[in-house]
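Novice: Below you'll find the structure I mean.
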Amino acid sequence: MGWEIMEGEWPDFKGRIFKKRPKNLVEILENTVNNSPDLIGFICNERKLTFKEFDQRSNRIAAGFKKYHVKKGDRVSLLLGNGLEFPLCFFALMKLGAIAVPLNTRFKGEELSYEINHSGSKLLVLDEEYWPNIDPVRKDLKTVERIFFNGQEVPEGVLSFVELNESQEILEKVRLDETDDAAIMYTSGTTGKPKGAVLYHRGLIASAMQVSDFIAYEPKDRIICVAPLFHATGLAMIMLSHIFSGIPCVYMRTFKVKDFLEIMSSEKITKTIGVINIIWLMINHPEFDRYDFSSFKVAMFGGSPAAEEMVKGILNKLPHLKISVGYGLTESHGIVSTTSYEDALRKIEAAGQLLPLVEARIVDDEGKELAPNRVGEITLKSPAITKGYWRNPEATQATITKGWLHTGDIGKLDDEGYLYILDRKKDMINRGGEKIYSLEVENVISRHPKVLEVAVVGVPDKFFGEAVKATIVLRTGQTAAEEEFKNFCSGQLADYKVPKYIEVLDSLPRNPAGKVIKGELKYIRK
């Protein structure tokens, strides 16, 4: 977009940042309201709001929060699905200088109560459909003073969400700094309880601007939000970027392939951001050819590997589509690298080149920087690295060293500056001392003509420590024996990388962000 980049310096960071940038998230909305007040910016089913209407409603909700004593620095938990209430509440909290705590809508009682209590949330706002997950642990919510219920049948002792909309108080501006905290996003706990990554105004603005810069939004663009809003992709990369750029967004409550086809076509969606599996399922739907996707121009993929067969299959069905594969994580406020459209196939195994504000180093176990094409842990530095984990100084110290974020991802940088993600540290398979990267095996199996999807994990083995297991989803109408896949792999992989176990399922288990939940595959079915 031609935005000027400058060197910035704060107590926690020194480096590149966009020169002309909003200084807080409220400015993002204010700028768009000033430029496009009457443009419809928010669509969910039959509900539509212009940017001006959205701003006014979030003002009323902010006044409602203030009535219940929410002030700068207070935490408020949001158990809200993909709909208009989430962005409305989020911006209402930003206007008070409060901190939003988006909760995973698939979590159950104890999982939810832990994050609510750990964050010290003063209020909880939730959609009606999630009440059964909160009701059993309601008495365990030690810090929550009031619960606001978005639905018709308001339970006893709980307040209606409508009460937050009724205040007529004129909202006074709260002084906000770009280093103020904005959200606490809990990351999945692989070795214990989830950790709350602290996201702040500067980082979220940088992420929204970098997405807007690369994807180059134009006034005619329309985007769809399928990624959950409690995830950095949904919140920072989609919600904040479309508001920053002043373009409409269709919020899809629940992903169903047929509904997605209809929305993409009828709403003339031009650009998408999310996991590749969403578009892969779309093009493989039996009714795909009935719909018009001529408006669909750009797809940014991340969150899970983009296998070559998937990218080629998508381009075969949508030859006019520009594809970019990227990489990011919660602790970096989302995106850090993207592949140029021209290199979508030439660099199919890469996760892109670093975005303008990001630095990366590949380091060994001692933290020493490695040369290009050497494999090690990916570390990142940018103005959008988390401050750390909420109330967890030990985890913060272990993850961030002198401003460098240790991602836990194994990868490399090539001679052209392209980043490659080979595995998560925890997903790398160690078979008798031989390191096996699951992505390498997945890429081979995905080329088999009968395979729709595949996930590879390590499972316990009494002789070698771990063995390779592949879980496969077949294309419609296909059948295959285990040996067919093992023989296919034997022709393209070293013998120790060939899966010892093959399991065929109807679908792969996924989290709301679309990532495969590999932990659920790490067993051997008797």
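Novice: Going by how many other Cβ atoms sit within 10 Å of their own, how do 143, 386, 399 line up, fewest first? Intermediate results must be reported in sequence, preceding the final value.
Specialist: Working: 143 15, 386 25, 399 21.
Fewest-to-most Cβ neighbours within 10 Å comes out as 143, 399, 386.
Novice: Of 347/497; 122/381; 317/347; 195/256; 381/425, which ones are farther than 27 Å apart at the Cα?
Specialist: Numbers: 347/497 23 Å; 122/381 33 Å; 317/347 20 Å; 195/256 30 Å; 381/425 19 Å.
Over 27 Å apart, Cα to Cα: 122/381; 195/256.
Novice: Follow-up. Whole-Hz Karplus ³J(HN,Hα) for the stretch 439-453, in order, using 6.51 cos²θ - 1.76 cosθ + 1.60 and θ = phi - 60°, x for Gly and Pro?
Specialist: 4, 4, 5, 4, 4, 5, 5, 5, 7, 5, x, 8, 8, 8, 9
Novice: With θ set to phi - 60°, apply the Karplus curve 6.51 cos²θ - 1.76 cosθ + 1.60 along the stretch 332-343 and write out the HN-Hα couplings as whole Hz, x wherever there is a Gly or Pro.
Specialist: Ordered by residue, 3J(HN,Hα) equals 10, 6, x, 4, 10, 8, 8, 8, 5, 4, 5, 9 Hz.
Novice: Write out the chymotrypsin sites (Phe, Trp or Tyr not before Pro) in the stretch 459-503 meeting two conditions: DSSP loop, and at most 11 other Cβ atoms within 10 Å of their Cβ. All intermediate terms of the calculation are to be shown ahead of the outcome.
Specialist: Working: sites: 463, 464, 485, 488, 496, 501; in loops: 463, 464.
Loop-located and lightly packed - 463.
Novice: For the stretch 255-424, max minus min Cα coordinate along each principal axis, in Å, sorted largest first?
Specialist: Taking the Cα atoms of the stretch 255-424, the three principal extents are 55, 38, 24 Å.
Novice: Let me ask another. Could you check what % of the DSSP bridge pairs in the chain are antiparallel, to the nearest 5? Intermediate values should be presented prior to the final figure.
Specialist: Values: 55 of 90 bridges.
If I count the DSSP bridges inside the chain, around 60 percent turn out antiparallel.
Novice: Could you go through the stretch 35-41 in sequence order and give the Karplus-derived ³J(HN,Hα) for each residue, using 6.51 cos²θ - 1.76 cosθ + 1.60 with θ = phi - 60°, rounded to whole Hz, and x for Gly and Pro?
Specialist: Rounded to whole hertz, the list is 7, 9, x, 9, 7, 5, x.
Novice: OK, next. Looking at the stretch 102-201, which GluC sites (Glu not before Pro) are DSSP coil and have at most 12 other C-beta atoms within 10 Å of their C-beta?
Specialist: Values: sites: 110, 111, 115, 128, 129, 145, 153, 156, 163, 166, 169, 172, 178; in loops: 145, 153, 156, 166, 169, 172, 178.
Hits after loop and neighbour filter: 145, 153, 156, 166, 169, 172.
Novice: If one puts a single equal scatterer on every Cα of the chain and applies the Debye formula without solvent, what log₁₀ I(q)/I(0) results at q = 0.07 Å⁻¹?
Specialist: For the requested q values the scattering log ratios are -0.39.
Novice: Loop only per DSSP, at most 13 neighbouring Cβ atoms within 10 Å: give me the trypsin sites (Lys or Arg not before Pro) in the stretch 236-265, ordered by residue number. Intermediate results must be reported in sequence, preceding the final value.
Specialist: Values: sites: 253, 256, 258; in loops: 253, 256.
Here the sparse-neighbourhood loop sites are 256.
Novice: Please work out how much length the chain gains when fully extended from residue 503 to residue 447, using 0.36 nm per residue of separation minus the C-alpha to C-alpha distance, in nm with one decimal.
Specialist: Values: separation 56, 0.36 × 56 = 20.16 nm, distance 1.70 nm.
Gain on extension, residue 503 to residue 447, equals 18.5 nm.
Novice: Oh, and also: For the chain, build the charge dipole from Cβ charges (+1 Lys, Arg; -1 Asp, Glu) around the Cα centre, then report which of 8, 299, 87 sits farthest towards its positive end.
Specialist: 8
Novice: Let me ask you something else. Quick check on the chain: helices-only [θ] at 222 nm, where DSSP H runs of length 4 and up contribute -39,500 (n - 2.57) each and the sum goes over total residues. Nearest 500, please.
Specialist: Values: 13 runs with 127 residues, N = 526.
Calculated at 222 nm, the ellipticity per residue is -7000 deg cm²/dmol.
Novice: In the structure shown, do any of 72/139; 52/193; 312/387; 297/435 have a Cα-Cα gap over 29 Å, and if so which? Mind showing how you got there, number by number?
Specialist: Numbers: 72/139 26 Å; 52/193 40 Å; 312/387 39 Å; 297/435 39 Å.
With Cα atoms farther than 29 Å apart: 52/193; 312/387; 297/435.
Novice: May I ask for the Rg/Rh ratio of the stretch 22-199, computed from Cα atoms with Rh as the Kirkwood radius, given to two decimals? Show your work: numbers first, answer last.
Specialist: Values: Rg = 16.0 Å, Rh = 16.7 Å.
Ratio value, two decimals: 0.96.
A short reminder: the numbers here are calculations on the coordinates, not readings from a lab. On a predicted model such as this, the values are computed, not experimentally measured, just so you know. So basically every Cβ, Gly included, is an ideal-geometry build from the backbone, and we count neighbours across all protein chains shown.
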